[in-house]
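Worksheet for the structure shown next.
Please treat every number below as a calculation from the coordinates, not as lab data. Given the structure is predicted, the values throughout are model-derived calculations rather than measurements. A quick note on method: Cβ atoms are made from the backbone with ideal geometry, for glycine too, and the neighbour counts reach across all protein chains shown.
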Amino acid sequence: MAGFALKYSSTAAIRAPGTSPILFKGDLCSSIIKSKNYGFDAVEIHIRRPDEIEIDKINEYCFKNNITISTIGTGMSYVIDRLSLTDLNWQKRKMAIERLKGYIDLAEKLNSGVIIGSMRGKIDFDNYNKHLSVYRENILELTDYAEYKDVPIYLETINRYEVNFHNTIEEMADFLSSINSSRLKILIDTFHMNIEEADMEESIKKYGNYVGHVHFADSNRRYPGKGHISFRGIINALIEIGYEGYIAFEYLPYPDPDTAAKKGLDYLLAIEKSIAAKENLLL
Ligand SMILES: [Mn+2]
């Protein structure tokens, strides 16, 4: 957004339950136009299968409206199809890998990144080492493929009630440094951070080099400003680390998608404006 430091993405899905944290539902091309009209810089699309969208049409709409597809959300492949990278059944794991390679192929064509969040799966602690070892193998295979396709992968740090391992940014950063791929970064999500991080701003500053993508939602998964997270602090931390990626609005479309989109954007842009004004005063 002109004059502002940060870039914002809406979230869109063709189909999703009303209770999922996605702003716009229905035809993706309409959501692209809507996002542009609200002032978003990009759209994050959440899709179940990589082959369910018309790539050329999406690219054409993005080009015409001067907007991009920042990221592809893959959570539906776990929520609906139960595909995960920690599944101890090798056939299911193979299906998860194939699905994710499909998302990477799509991302290459849309010039986007791929999110791996829920697809990390849930593990049982009696088999912790087995789960973690197949997980590592799978992530290595996917990062190799992503490097070859030149597509970034964003591994999401998720709270313990949804994914039961690597819940803090520190744990995720440790895992990433053991993988050591230039295409693998962390997706930080304020809703999850609010549950897991001792100090959200400090974590962002400390692990800034690892951060590749950001999800914004307030403490209650509503639009920023509707809960108790300090977005001023978060925005300051992101500016301080020189964050250049996108911030996607992954929150509940309450009371309705349009109000939620507008209120969230207005709130964050007002914070950015006041930070910029303060900086000018100090000069
Ligand atoms: Mn998220």
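Modelled label positions at LYS273 and LYS64, each set 7 Å beyond Cα in the direction of Cβ, lie 3.2 nm from each other. Projecting the Cα atoms of LEU187, THR74, ALA237 onto the charge dipole of the chain, computed from C-beta unit charges around the Cα centre, puts THR74 farthest toward the positive end. FRET efficiency for the pair LYS205 and ASP56, taken as 1/(1 + (r/R0)^6) with r the Cβ-Cβ distance and R0 = 41 Å, rounds to 0.50.
Put in order of Cβ neighbour count within 10 Å, fewest first, the listed residues SER178, SER112 become SER178, SER112.
So if R0 is 30 Å, what FRET efficiency would TYR128 and GLN91 give, r being the distance between their Cβ atoms, rounded to the nearest 0.05?
Working from the Cβ atoms, E equals 0.90.
For LYS7, nonlocal amide neighbours, meaning residues 5 or more places apart or on other chains whose placed amide H falls under 5 Å from its own, are ILE247.
Annotation for the stretch 207-247 versus the stretch 57-105: alpha-carbon center distance of 24 Å.
Most exposed first by the Cβ proxy, i.e. fewest other Cβ within 10 Å, how do CYS29, CYS62 rank?
On the way: CYS29 18, CYS62 21.
Fewest to most other Cβ atoms nearby, the residues stand as CYS29, CYS62.
Note on the stretch 7-282: dipole from Cβ charges, positive end direction compared against GLY117, LEU23, LEU282; the farthest Cα belongs to LEU23. Between SER181 and THR19, the distance separating the two model label sites (each 7 Å from Cα on the Cα→Cβ line) works out to 3.3 nm.
Average projected area of the Cα convex hull of the stretch 64-122, in nm²?
4.2
Translational D (Stokes-Einstein, µm²/s) of the stretch 1-48 at 20 °C and 1.002 mPa s when Rh comes from the Kirkwood sum over C-alpha pairs? My calculation gives 192 µm²/s for D. Rg/Rh, computed from the Cα trace of the chain with Rh as the Kirkwood radius, has the value 0.95. A Förster radius of 41 Å combined with the Cβ-Cβ distance from LYS149 to LEU282 puts the calculated FRET efficiency at roughly 0.40.
Give me the net charge for the shell around GLU202: Cβ to Cβ below 12 angstrom, other residues only, Lys and Arg +1, Asp and Glu -1.
Overall, the nearby charge balance is -3.
Each Lys and Arg contributes +1 and each Asp and Glu -1, all at the Cβ; summed about the Cα centre of the stretch 85-238, the dipole is approximately 420 debye. Scanning residues 5 or more positions from GLY121 or on other chains, those with amide H under 5 Å from its amide H are LEU85, with H placed 1.01 Å from N in the peptide plane.
Determine the gain in length on full extension of the stretch ARG82-GLU240; use 0.36 nm per residue of separation and subtract their C-alpha separation, reporting nm with one decimal.
53.0 nm
Counting 0.36 nm for each residue step from GLU170 to ASN220 and taking away their Cα separation leaves a gain of 15.7 nm. Between amide H atoms placed 1.01 Å from N, distances below 5 Å from GLU156 occur with ILE116, GLY117, LEU187, all of them 5 or more places distant or on a separate chain. For the stretch 7-282, a crude dipole built from +1 on the beta carbon of Lys and Arg and -1 on the beta carbon of Asp and Glu, taken about the Cα centre, is about 560 debye to the nearest 20.
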